[in-house]
Amino acid sequence: MPKPDVIKILEEMSSCVDRWHNEDCATPTHDLSGLAGVVMDQCGFNYLLWHEEDKARMQDVEDAVIVRVKRSIDALNQKRNDTIEKVDEVILSQLASEGVSVSEDTPFNTETPGSVLDRLSIAVLRRYHLAEEMERDDVDQEHIEKARASVSRVDEQKGDLAHSLEELLNDIFSGRKQLKIYRQFKMYNDPALNPALYKQ
């Protein structure tokens, strides 16, 4: 397997995000496999999280609705974080299969490819929703121009992230940097580790 193609992954993210919104997907799907498939799973969890976070800000609903949304957010966040680690595990497996080895003193990044890809998927979602704001016909021109400026800024940030990820992957696959997986240890979702749960 070759080194992950960051530009292709970004294109797949954008394509999936567009399709999921156009089809109003309750369960985002894709037909990708391997690393691209895991990355798109991650993007799908962020897609679902984005809309649950919107619901959590609603003012004209009963408290019970917000409680259900909050619990959904917690569950999705757990899946999202698990998938960040899975992305890095897939890359580590790929490195091993290609015989890429490093010494203990090889430098490493505190942010892994999985966490950068997570940020990229959020940037793709942010851009989609900001672009939507530019198409509204119930807002004034100032709102539209503000959204346009934000889209431009997100595009710049997305480009910078993609460039940095490309450099990081080049370093990792050439053995100039080592990849370490940083476990999330989300204690609040674990009944054995969250005192508010195990003291009940």
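The values are calculated or read from the model by the stated rules, or taken from the named source; none is laboratory data. Bear in mind that the values here come from a model prediction, so they are computed numbers and not experimental data. Please note: Cβ atoms are built from the backbone with ideal geometry, for glycine as well, and neighbour counts cover all protein chains shown.
How many residues are on the phi < 0 side of the Ramachandran plot, of a type outside the set (A, V, I, L, M) and surrounded by fewer than 15 Cβ atoms within 10 Å (Cβ to Cβ) if we restrict to region 26-50?
Count: 5.
Sort out which residues of region 107-120 are modelled with pLDDT under 95 and of a type in the set (V, I, T), and write them in order of number.
Scanning region 107-120 gives a single hit, T110.
With the condition kept exactly as written, say whether any residue in region 128-151 is closer than 21 Å to K70 by Cα and hydrophobic (A, V, I, L, M, F, W, C).
No; the residues of region 128-151 include none that is closer than 21 Å to K70 by Cα and hydrophobic (A, V, I, L, M, F, W, C).
Condition test on E142, is it at pLDDT 95 or above and of a type in the set (D, E)?
yes
Within region 53-108, which residues are out of contact with any Lys or Arg (no Cβ under 7 Å at 6 or more places or on another chain), in a loop (DSSP other than H, G, I, E, B) and not aliphatic (A, V, I, L, M)?
Result: R57, Q59, D60, E62, E98, G99, S101, S103, E104, D105.
Could you please give the count of residues in region 1-26 that are touching a residue at least 12 places away in the same chain (Cβ under 8 Å), more than 22 Å from V100 (Cβ to Cβ) and in a loop (DSSP other than H, G, I, E, B)?
Total meeting the criteria: 1.
Give V61, V90, V39, V65 a once-over and let me know the one that is touching a residue at least 60 places away in the same chain (Cβ under 8 Å), over 20 Å from F185 (Cβ atoms) and out of contact with any strand residue (DSSP E or B) (no Cβ under 9 Å at 6 or more places or on another chain).
V39
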